[in-house]
């Protein structure tokens with residue numbers, strides 16, 4: 001069999017490589033030394049120009065996107081504002097409904113046993129939810145809530161088991177308005193405490209003055225002071241059955257205890273504490 005002549009690659013490039021002439025004509029390849037071909041760079045060096053018609057389309061798309069974004073933002077803001085206004089309205093309605101706080105007069109409760117205090121609750125016409133647990137019983141005490149007149153014991157049980165702080169703003173306001181918490185401990189002498197939200201007073205001083213009048217304590221408003229915790233306090237003493245008792249009324253912004261959006265700016269959380277004088 002005759003041998004095939006060897007191909008001179010320098011003079012005759014392979015069939016899959018374009019000729020030098022073809023490269024120059026088409027502007028696609030550039031012949032260099034040897035059989036290797038490279039893409040010509042001229043076509044890559046041309047300036048990139050975005051067609052004017054595409055710019056117009058892009059402008060229309062951008063305009064539509066801006067309009068849609070504005071509509072979404074406006075709709076969101078209107079919806080959020082409407083929801084906030086509605087929630088505030090529900091909170092205001094819960095606070096302003098016709099329910100009386102009707103604080104217990106602690107001077108009539110001191111010196112009594114637990115059973116006698118429960119009887120006093122009945123005598124005073126309070127609807128009580130008993131929240132007493134084992135820790136309260138260990139110190140021979142109890143923990144009860146006085147319910148607002150339009151709140152049922154079953155509903156209150158669900159709310160208190162959930163935790164007032166875990167309720168939505170309107171529900172929290174509903175269970176705080178017209179309600180108070182009464183706690184008794186006898187771990188080191190009898191201690192009576194009442195806690196409640198004051199939505200009517202404009203500041204801590206006014207809330208303390210209101211509590212002072214409701215309890216019938218004798219005290220000088222000029223002696224109201226603020227402690228290191230930011231609470232405003234007034235302390236004093238009273239006597240009953242030849243025994244002397246100390247009292248302290250404390251108040252702080254309600255927001256420090258319950259964050260209720262829509263509550264009055266001056267709303268206060270008030271605590272009244274009575275103990276046997278040492």
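Here, each number is a calculation from the coordinates, and none is a lab measurement. Only a predicted model underlies this, so the values are computations on that prediction, with no experimental measurement involved. As a convention, Cβ positions derive from the backbone with ideal geometry for all residues, glycine included, and neighbour counts pool all protein chains shown.
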Segment 160-278, relative contact order [Cα under 8 Å, separation at least 6], %: 30
Full-extension gain between residue 188 and residue 122, please, as 0.36 nm times their residue separation minus the C-alpha to C-alpha distance. 21.1 nm
Once you have all Cα-Cα distances for segment 97-276, histogram them in 10 Å bins from zero and send the whole-percent values. 9, 37, 39, 15, 1
In nm, give the distance between the simple-model label positions of residue 165 and residue 114, each being 7 Å from the Cα along the Cα-to-Cβ direction. 2.6
With r defined as the distance between the Cβ atoms of residue 100 and residue 153 and R0 fixed at 25 Å, what FRET efficiency is calculated, to the nearest 0.05? 0.90
Taking every pair of distinct Cα atoms and averaging 1/r, then inverting, what Kirkwood hydrodynamic radius in Å comes out for segment 99-204? 14.6
Expected sort for 259-267, 207-215, 133-141 on mean C-beta neighbours within 10 Å, highest first, is 207-215, 259-267, 133-141
Output row, site residue 277, 7 Å Cα→C-beta label point, backbone N cut-off 20 Å, window segment 202-223, residues 212-213, 215-223
Put a dot 7 Å past each Cα toward the Cβ at residue 218 and residue 242; how far apart are the dots in nm? 2.0
Between residue 65 and residue 78, the two model label points (7 Å from Cα along the beta-carbon direction) sit apart by a distance in nm of 2.5
